[in-house]
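Data first, discussion second: the structure below is written as structure tokens.
The values are calculated or read from the model by the stated rules, or taken from the named source; none is laboratory data. All of these numbers come straight from a predicted model, not from anything done at the bench. Using ideal geometry, Cβ is built from the backbone for each residue, glycine included, and neighbour counts are taken over all protein chains shown. Surface accessibility is based on the protein's heavy atoms, side chains included, excluding ligands, DNA and RNA. Shrake-Rupley method; radii C 1.70, N 1.55, O 1.52, S 1.80 Å.
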Amino acid sequence: MILFKMVFMNKNPIISDSIDHYLRDVITRETPVQRRLREETSRLPMGVMQTTPDQVQFLAMLVKMLAAKRVLEVGTFTGYSALAMALALPEGGKLDACDTSKEWTDIAKRYWQEAGVLDRITLHLAPAQKTLPDFLKQGLADAFDLAFIDADKQAYDAYYEACLKLVRPGGVIAFDNMLWGGDVADNSVQDAQTRALRDLNAKIRDDERVDCALLTVADGIMLARKR
């Protein structure tokens, strides 16, 4: 089961390999810097954790559709999604990236620098369950236009509740891996991570604080628009 999840963590299992290739390598736009970062990350032992090209292009589109000036990312890894969103920000836009790994985010910073967006990104190297409440203490309630969550799955609910306070009305919270290789739809799978994602999908569905849609992009992106 763990192997299945590692293989399909960033791929929709109902999509054929040929369509997946078409989406990622034919249709999706990528700058040379983005492509090199993706290729370097793919060679890492944990490279399957990386977001997909079509997924980051979708996130960049969200930034532009929301006219976002401030973005929050929970779980940055090597910075591929942060790079795409930072490139989509307008002049003066800012992205706050939360992660705990200096090793992985050092890779990110090299590419952010090369792409000319390092000054748009503030990296917070600390557990997000500490960083997000700190943002609220700093008076950043309703300050963010978009939040993207792609970190430890069992903490997703806590991140959701914090981001509902940090994102402005009309802003969007996007969650990665909400199909979890298809396991959320299989009630015979009852490990802690799968249950956490399955429960959060249902919670968001029934949450009158948001409008929502679960998209079959990559491994499933849940969008929650704060009312």
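Looking at the chain, the accessible area is 46 square angstrom per residue; that uses a 1.4 Å probe and ignores ligands, DNA and RNA. Normalised by the number of residues in the range 1-125, the average gap of Cα pairs under 8 Å and 6 or more apart makes the relative contact order 22 percent.
Each principal axis of the Cα cloud of the range 109-169 was taken in turn, and the coordinate range along them, longest first, works out to 35, 25, 19 Å.
With one equal scatterer per alpha carbon and no solvent term, the Debye-computed log10 I(q)/I(0) for the range 158-209 at 0.15, 0.17, 0.21, 0.23 1/Å reads -0.46, -0.57, -0.80, -0.91. For the range 58-161, the convex hull drawn through the C-alpha positions has a volume of 94 cubic angstrom per residue. A full extension of the chain between Thr216 and Met46 corresponds to an added length of 58.9 nm, given 0.36 nm per residue minus the alpha carbon distance.
Given a cut-off of 13 Å, what percent of all Cα-Cα pairs of the range 34-82 lie beyond it? So the portion of pairs separated by more than 13 Å is 58 percent. Size check on the chain: the Cα extents along the three principal axes, sorted descending, read 46, 41, 31 Å. Among 142-148, 168-174, the peptide with the highest mean count of other Cβ atoms within 10 Å heads the list, and the full ranking is 142-148, 168-174.
Ligands, DNA and RNA left out, the accessible area of the chain computed with a 1.4 Å probe is 56% carbon and sulfur. Placing unit charges on the Cβ atoms only, positive for Lys and Arg and negative for Asp and Glu, gives the chain a dipole magnitude near 480 debye about its Cα centre.
Placing Lys69, Lys109, Lys137 in order of accessible area, with the largest value first and a 1.4 Å probe, yields Lys137, Lys69, Lys109. Sorted on the mean count of surrounding Cβ atoms within 10 Å across their residues, most packed first, peptides 125-131, 155-161, 218-224 read 218-224, 155-161, 125-131.
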